[in-house]
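In what follows, a single structure is set out as structure tokens and then discussed.
The values are calculated or read from the model by the stated rules, or taken from the named source; none is laboratory data. For clarity, every value in this text was computed on a predicted model and none was experimentally measured. With ideal geometry, Cβ positions are generated from the backbone for all residues, glycine too; neighbour counts draw on all protein chains shown. All accessible areas refer to the heavy atoms of the entire protein, side chains included, with ligands and DNA or RNA removed. Shrake-Rupley method; radii C 1.70, N 1.55, O 1.52, S 1.80 Å.
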Amino acid sequence: MQNQSVQLSENEESATVESQLSLEVQQIKSNLLQLKLKESNLPEPVQNQLRKQFEKRSFGLEELDTAIQEQRELVASLQARNAIHGAGRIEEMRSERDQLQAAADDLLGAPREASMQNARVARLSGIRELYLRMTGDVDFHGRMAAERAQLATSDSLSNVLKNSFNKIMLQQWEQLGKAGYRWWEKVVKVEHMGSLQPVSGILLGEVSALGVISEGAAYGELEISDSGESNTFRKYGGLLPITLEMIDKDETHKLRQLPQKLASGAIRNISSLVAGLFSSSAGTGPIMADGAHVFDAIVHNNLGTTALSASSFEAASQAIYQQSMISNDITKPMLAVDARYLLVPRALRLTARQILYPTFERESNIFSENMLRGELGDVITVPDWTDANDWAAMADPNLVPGIIIAERFGLMPEIFVADQEVGFDMLHNDTINLKVRHYLSVFVADYRPLFKANVA
């Protein structure tokens with residue numbers, strides 16, 4: 001009787017162990033199934049089907065791998081544009097819209113999107129072919145003829161052109177910068193604004209001198225003085241017309257130049273606005289909040305008449321250095337920042353370089369190198385200045401901001417579709433219009449880091 005009890009206990013224990021092992025094996029297989037399905041990258045409905053097929057029964061690893069591979073081959077045959085490999089990685093899908101945009105980019109000379117760099121797309125012969133294949137408008141009525149369109153897309157021709165134009169404009173903006181057209185970037189402080197409210201360039205002065213606080217005594221409030229300049233936004237822009245005649249004549253070369261000219265025009269506009277702060281009002285600049293012009297020999301102590309030389313540039317740098325900061329203290333602290341940039345017209349560029357880069361023309365161990373040597377780029381040629389003798393000096397705007405460029409929607413102009421998605425404006429003017437818009441506010445926020453020499 002005792003032997004039977006012992007035997008029964010051993011059988012129960014063995015059954016319990018086998019049951020636990022079975023559960024553990026089942027859990028391992030369940031985890032393996034989830035992992036395999038996840039790594040397969042198969043569509044979710046296919047994964048769900050395989051999960052139902054295997055999760056409630058025993059299976060071998062080889063059987064599961066075979067089933068997954070069969071589903072991969074089935075998905076690959078149904079989605080001809082997708083290629084499924086090895087562990088189930090699906091190559092990036094390229095939509096018809098992406099291919100159309102890449103073809104338009106190639107046609108106009110715009111850089112492709114990164115995802116389309118190596119994609120093979122149709123080569124378009126010109127803007128006429130692009131228009132006809134997108135709209136089917138063989139009679140040039142300015143309407144979408146869906147039954148004739150060969151390139152079905154949710155985008156209008158205007159949107160496709162806008163995207164290409166924006167990329168060309170950005171590319172041209174960078175190239176013009178390397179060529180020196182964006183000289184003004186070194187001497188201004190760019191501020192992004194959240195609205196079109198008037199821009200205030202508030203300049204906080206130094207706090208009053210720190211006082212002595214006795215033990216247990218209350219702290220006195222420090223006085224902070226300020227002085228501010230303000231300016232309103234100006235809106236620049238216009239329409240970029242793409243005429244029916246331009247399309248029918250297949251003048252693709254003109255389309256390629258439109259965004260390049262736009263970028264050049266925007267840069268030259270900013271250049272003119274910044275240069276005008278120095279040259280307007282007979283070279284004294286706009287009137288500031290204190291009633292004086294930016295450059296004033298008496299009120300601002302930043303206007304001279306001496307021709308450019310090493311000594312006159314040193315005098316200008318010293319004048320900037322000794323400017324008084326905004327403060328309520330009786331003895332106002334000095335700005336204590338030297339001039340860094342030397343702004344000149346083209347006629348004075350060589351003279352300016354001889355002053356700041358003496359090693360280019362003389363021996364490297366002469367004394368003048370140690371006194372006035374500047375870094376490459378510190379001599380700035382201002383293309384808008386017509387006077388061959390006037391020049392200016394500026395402190396580093398990262399230390400003391402003097403000129404502010406406030407932008408609302410970006411420093412580069414924006415391009416918008418100015419027409420309806422499918423109707424264009426051809427019904428009225430035989431033209432597809434793209435709108436260009438640019439909000440800017442350019443003004444002098446502080447005269448202290450600036451010096452101008454108006455030479456007779």
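Per-structure values
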read-out	value
Residue pairs meeting the criteria (Cβ under 6 Å; at least 6 apart or on separate chains; first more than 19 Å from Phe443 (Cβ to Cβ) and in contact (Cβ under 8 Å) with a residue 12 or more places away in the chain, in the stretch 391-419; second aromatic (Phe, Trp, Tyr) and assigned to a strand (DSSP E or B))	Ala393/Phe451
Tally, over the stretch 287-296, of residues that are surrounded by fewer than 14 Cβ atoms within 10 Å (Cβ to Cβ) and over 22 Å from Lys189 (Cα atoms)	1
Qualifying residue in the stretch 220-227 (condition: open to solvent by less than 40 Å² (accessible area, probe 1.4 Å) and either at pLDDT 85 or above or part of a helix (DSSP H, G or I) (or both))	no
Residue, nearest to Glu185 (Cα to Cα), within the stretch 425-456, restricted to residues that are modelled with pLDDT under 85 and in a strand (DSSP E or B)	Lys435
Test: residue in the stretch 271-286 that is more than 34 Å from the chain's Cα centre (by Cα), open to solvent by 70 Å² or more (accessible area, probe 1.4 Å) and of a type in the set (A, V, I, L, M, F, W, C)	yes
Failed condition for Asp250, given (1) outside any loop (DSSP other than H, G, I, E, B); (2) at pLDDT 80 or above; (3) open to solvent by less than 70 Å² (accessible area, probe 1.4 Å)	(1)
Test: residue in the stretch 42-50 that is closer than 15 Å to Lys29 by Cα and modelled with pLDDT of 80 or more	yes
Single unsatisfied condition, Ala266 versus (1) modelled with pLDDT under 95; (2) crowded, with 16+ Cβ neighbours inside 10 Å; (3) touching a strand residue (DSSP E or B) at 6+ places or on another chain (Cβ under 7 Å); (4) over 28 Å from Ser230 (Cα atoms)	(4)
Filtered residue count, the stretch 183-216, keeping only those that are at pLDDT below 80, open to solvent by 60 Å² or more (accessible area, probe 1.4 Å) and touching a Lys or Arg at 6+ places or on another chain (Cβ under 9 Å)	1
Subset of the stretch 111-128 [closer than 12 Å to Leu255 by Cβ and open to solvent by 10 Å² or more (accessible area, probe 1.4 Å)]	Leu124, Arg128
Exclusive hit being of a type in the set (Ser, Thr, Tyr) and touching a residue at least 12 places away in the same chain (Cβ under 8 Å), set Ser309, Ser280	Ser309
